[in-house]
Amino acid sequence: MKNLNNKVAAITGAASGIGRALALNLTDEGCHLAISDINEAGLQETADMVRSRRKNVRVTTHKVDTADREQVRRYAEEVMKAHGAVHIIINNAGVVIAETLEDLSYEDFEWLMGINLWGVVYGSKEFLPYLKQQDCAHIVNISSVNGIFTNPNNGPYCTAKFAVRGFTETLAQELADTNIKVSCVHPGGIKTNIAANARFYKASDESINKEDAAVLFTRAIAGTTADKAAKIIIAGIKKDKLRIMVGPDAYVMDWLKRLFPVGFQKLAGRKTAPRWMKKRAGIQS
Ligand SMILES: NC(=O)c1ccc[n+]([C@@H]2O[C@H](COP(=O)([O-])OP(=O)(O)OC[C@H]3O[C@@H](n4cnc5c(N)ncnc54)[C@H](O)[C@@H]3O)[C@@H](O)[C@H]2O)c1
């Protein structure tokens, strides 16, 4: 989809981080927006930012829990009613849990899978009939580098992100030669609130508490801003890219995993955060 001007994009998880940055950057492209989240205050803030950025862009807000199939079905219906069309769905909402698979409750596991996997499935399937009505349309599903390799105490997230990749790549094959393009996005570390918002029980490095984990993430792991991530994703949509890698770290880790499939898993599986990382984050080792 080369030109996004006057198209309509629906974005889940748009109250913060990558979702908000996507809304702002799509505004610059002249794209109308139907943004959703469970966080109504944050969503309103995003809508206000969109309106003050560009007057002739239409933005509607929708309170949607992506883990709830009926709410996602209604969201698609509401978007059509409000905008008369929808060309792009970006299934972006996501959460994190830090815990071992052994100690994790089923309730927490199901909570994450509901948002990070089922939310993506519902968003893709419920919007599909409406996307088919357009000359050109696009489904964008946000996976992660954790859809390529895993790390400990991050099991539900890795499970969901690998599944998002499988779901999205299959969907792309099924929709090949149709008007609907499909992208699977693999961001590396992006500076957002995701770590601060995590359900945190224990990191793989047990010396790290929740506050330190959030600091470590923003200071030593997340090297790309949400704004830059959004620009890369939008460039990928415009080029109809099936696979969108976000950030230099994503490319490096993808290649390391290809070249050393077993060795890289071992490296990513270490249970103590590297000293240089803690030092950069200002955390005592
Ligand atoms: N930040 C990173 O380093 C990174 C890396 C790879 C992938 N991702 C993925 O990018 C996506 C966006 O994450 P982010 O980093 O911007 O995080 P964020 O925490 O800043 O934003 C996530 C948004 O999702 C919303 N959300 C949470 N539960 C929801 C639900 N049930 N229904 C609807 N919305 C809900 C939150 O309210 C929030 O606004 C996620 O899918 C995440 O897994 C992020």
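The values are calculated or read from the model by the stated rules, or taken from the named source; none is laboratory data. Nothing here was measured: the structure is a model prediction, and the numbers come from that model. Cβ atoms come from the backbone with ideal geometry, glycine included; neighbour counts cover every protein chain shown. Surface areas here come from the heavy atoms of the whole protein model, side chains and all, with no ligands, DNA or RNA. Shrake-Rupley method; radii C 1.70, N 1.55, O 1.52, S 1.80 Å.
Here are some notes:
- Just so you know, the Rg over Rh for segment 1-144 is 0.99, from Cα atoms, with Rh as the Kirkwood radius.
- A helix-only calculation puts the chain at -14000 deg cm²/dmol for mean residue ellipticity at 222 nm, using -39500 (n - 2.57) for each DSSP H run of at least four residues, averaged over all residues.
- Under-5 Å amide H pairs with LYS181, H placed in peptide plane, nonlocal only: ALA137, HIS138, ILE139
- Computed from backbone phi with θ = phi - 60° and the Karplus coefficients 6.51, -1.76 and 1.60, the 3J(HN,Hα) list for segment 219-234 is 8, 10, 10, 7, x, 10, 7, 5, 5, 5, 4, 4, 5, 5, 5, 5 Hz; x is used for glycine and proline.
- Taking the charge dipole of the chain about its Cα centre, with +1 at Lys and Arg Cβ atoms and -1 at Asp and Glu Cβ atoms, the residue from TRP276, THR100, VAL86 reaching farthest to the positive side is TRP276.
- Karplus-derived 3J(HN,Hα), 6.51/-1.76/1.60, for each residue of segment 147-156, Hz, glycine and proline x: x, 10, 9, 10, 9, x, 6, 9, x, x
- Label-point separation in nm, ASP48 to GLU70, each point 7 Å along Cα→Cβ: 3.2 nm
- In degrees, nearest ten, helix 40-53 long axis to first principal axis of the chain (Cα): 60 degrees
- The accessible surface of segment 8-281, taken with every protein chain in place and a 1.4 Å probe, is 53 percent carbon and sulfur.
- Most mobile listed residue (ALA226, ALA198, ALA14) in the chain, GNM with C-alpha springs under 10 Å: ALA198
- Computed from the C-beta positions of VAL252 and LEU101 and an R0 of 30 Å, the FRET efficiency is 0.65 to the nearest 0.05.
- For segment 53-173, lysine pairs with C-alpha atoms less than 23 angstrom apart, excluding pairs fewer than eight positions apart on the same chain, total 7.
- Label point distance in nm, LYS132-LYS55, each placed 7 Å from Cα along Cα→Cβ: 4.1 nm
- The LYS202 and LYS231 beta-carbon pair, evaluated with R₀ = 41 Å, returns a calculated FRET efficiency of approximately 0.70.
- With the Kirkwood sum run over all distinct C-alpha pairs, the chain has a hydrodynamic radius of 19.1 Å.
- Around the amide H of VAL246, modelled in the peptide plane, lie the amide H atoms of HIS186, GLY188, all under 5 Å away and 5 or more residues distant in sequence or on another chain.
- Sequence-distant lysines (8 or more away, or on other chains) whose Cα lies within less than 18 Å of LYS228: LYS191, LYS238, LYS239, LYS241
- Cβ-placed point charges (K, R +1; D, E -1), dipole of segment 8-281 about Cα centre in debye, nearest 20: 1060 debye
- Taking all protein chains together, GLU174, GLU126, GLU45 sort by accessible area into GLU174, GLU45, GLU126, largest first [probe 1.4 Å].
- Using alpha-carbon coordinates, inclination of helix 248-259 to the longest axis of the chain, degrees: 70 degrees
- Rounded to the nearest 0.05, the FRET efficiency derived from the C-beta distance between ASN179 and VAL262 at R0 = 45 Å is 0.65.
- 3J(HN,Hα) couplings calculated from phi for segment 265-270 with the Karplus curve 6.51 cos²θ - 1.76 cosθ + 1.60 (θ = phi - 60°) are, in sequence order, 4, 5, 4, 5, x, 5 Hz; Gly and Pro show x.
- Loop-located trypsin sites (Lys or Arg not before Pro) across segment 29-64 with a Cβ neighbour count of 11 or fewer within 10 Å are LYS55, with loop assigned by DSSP.
- The residues of segment 131-185 expose on average 36 square angstrom of accessible surface per residue, using a 1.4 Å probe on protein heavy atoms.
- For segment 78-178, a simple Cβ point-charge model (Lys and Arg +1, Asp and Glu -1, everything else neutral) yields a dipole of about 380 debye relative to the Cα centre.
- Given in Å, the Rg to one decimal and the Dmax to the nearest whole number for the Cα atoms of segment 126-218 are 16.9, 54.
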